[in-house]
1. Please work out the FRET efficiency for the pair residue 257 and residue 183, using the Cβ-Cβ distance as r and a Förster radius of 41 Å; give the result to the nearest 0.05.
2. What ranking do 304, 142 get, fewest neighbouring Cβ atoms within 10 angstrom at the top?
3. Using only the alpha-carbon atoms, what does the stretch 280-354 span along each of its principal axes? Please give whole angstrom values in decreasing order.
4. Taking +1 at the Cβ of each Lys and Arg and -1 at the Cβ of each Asp and Glu, which of 57, 261, 40 sits farthest along the dipole of the chain towards its positive end, judged by Cα position relative to the Cα centre?
5. Mind jotting down a quarter of the surface of the convex hull over the alpha carbons of the stretch 173-249, in square nanometres, one decimal?
6. Based solely on C-alpha atoms, express the radius of gyration and the Dmax of the chain in angstrom.
7. So, R0 is 25 Å and r is the distance between the beta-carbons of residue 238 and residue 276; what FRET efficiency does that work out to, to 0.05?
8. Relative to the present Cα-Cα distance, how much length would full extension add between residue 216 and residue 47 at 0.36 nm per residue of separation?
Amino acid sequence: MSKPHEVVIVGSGIAGLSAAVYTARADLEPLVLEGPEPGGQLTLTTDVENYLGFPDGVGGMELIQHGKEQAKRFGATFEHGTVEAASVEGEPMELQLSNGESLRTHALIVATGASARWVGAANEDDLMGYGLSTCATCDGAFHRGDDVLVIGGGDSAMEEALFLAKFADSVTIVHRRDELRASDIMARRAREHEKIGFRWNAELLAIHGSEETGVTGATLVSHPDGHPREKLDDNAGERAAAGDPVDPAADVDVDRVDVGGIFYGVGHVPNTAFLADTPISLDEDGYIETTGGMTTETGVPGVFAAGDVMDPNYRQAITAAGTGSMAALDTEAWLESRAAAETDRQVATAEADD
Ligand code: NAP
């Protein structure tokens with residue numbers, strides 16, 4: 001069996017890369033596992049305007065590529081691999097990968113980030129990738145001349161809409177309330193854009209189209225009080241998808257719109273499913289709970305967390321990079337204290353033998 005790693009970093013977004021730079025500079029020879037979305041969310045972003053040190057902004061992909069080169073320069077290695085299960089109570093810990101292999105490590109930094117949330121509209125499983133997308137920067141250029149919808153009311157939705165407006169004829173932001181969650185600056189840019197309009201108090205119930213035609217339309221529901229889907233039963237979407245009446249008794253407006261593309265911008269869910277059977281504490285939304293205050297400790301010795309997977313509040317590139325460096329420093333201190341404890345133990349044993 002091969003020797004355990006000193007530290008494995010799961011995730012190669014900006015938090016994982018920052019942890020890699022710091023642990024590599026500390027000669028811990030980190031292994032970074034690049035999961036199903038190498039480089040993380042920033043690779044799906046165009047310009048990052050609020051990362052300190054770039055007065056003219058910096059491309060998300062560029063920031064990630066530079067971070068990876070920087071980590072490699074100090075000795076970090078990168079491998080593709082998705083962790084399916086972890087056994088973190090033993091020494092060393094063991095990670096089971098989706099390709100059937102396993103890895104052993106003394107310390108673990110979880111930086112698996114968060115993935116795009118889906119809204120639960122009928123047909124979304126079938127049409128994702130066929131005109132339905134969670135990434136405007138990836139798929140926007142396919143929608144030149146289309147009318148498109150963006151679902152959501154936060155900064156992601158505004159950013160998607162502004163990017164799509166470069167290609168599409170019209171962009172309609174569909175938001176379930178009548179007040180945006182987005183920052184003032186992003187909301188103002190979207191409101192002032194001549195191609196961008198809003199559907200307030202509205203939700204996407206069903207998506208129409210096929211793999212052959214792509215997305216051709218959407219059924220939207222609306223109600224003056226917002227959150228219209230809460231007023232419908234669970235099968236309303238299936239009925240809308242089949243062209244049947246949605247729910248004549250329900251007090252919602254239903255209409256079908258012709259669109260060539262739909263983009264989800266409704267936030268993210270933390271990637272922590274592989275930790276379900278471990279003692280690592282998760283909050284009700286699945287975010288890793290650290291032990292409190294300024295720390296990345298998870299409460300399980302040797303396991304640290306960084307980036308969006310442990311941060312339901314800030315979720316910024318710069319805060320993710322910051323917690324990545326904190327996790328690396330916490331890991332280094334933990335490995336040192338463990339080595340010191342082992343030395344003390346050996347000295348005590350030798351003295352007892354004398
Ligand atoms: P977010 O702030 O959590 O916003 C998610 C939006 O989607 C909310 O408006 C929410 O509605 C809506 N939503 C959630 N679930 C929904 C569902 N099932 N159906 C319909 N609508 C749903 O997430 P985010 O926009 O991804 O932003 C996350 C963080 O990243 C924020 O801190 C943001 O500032 C930052 N960010 C910054 C930039 C930038 O500055 N350029 C770009 C992207 C993200 P409610 O409002 O009703 O809850």
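1. Numbers: r = 28 Å, r/R0 = 0.67.
That pair, residue 257 with residue 183, gives E of 0.90.
2. Working: 304 29, 142 13.
Lowest count first: 142, 304.
3. 56, 25, 15
4. Farthest towards the positive end: 57.
5. Details: hull surface 26.3 nm².
Reported value for the Cα convex hull: 6.6 nm².
6. 23.6, 88
7. Values: r = 29 Å, r/R0 = 1.18.
Calculated value: 0.25.
8. Working: separation 169, 0.36 × 169 = 60.84 nm, distance 3.00 nm.
In short, 57.8 nm is gained.
Quick note: the coordinates plus some simple rules give every number you see, no bench work behind them. In this text, all values refer to a predicted model and were calculated from it rather than measured experimentally. Cβ coordinates were reconstructed from backbone atoms using ideal geometry, including for glycine residues, and neighbour counts include every protein chain displayed.
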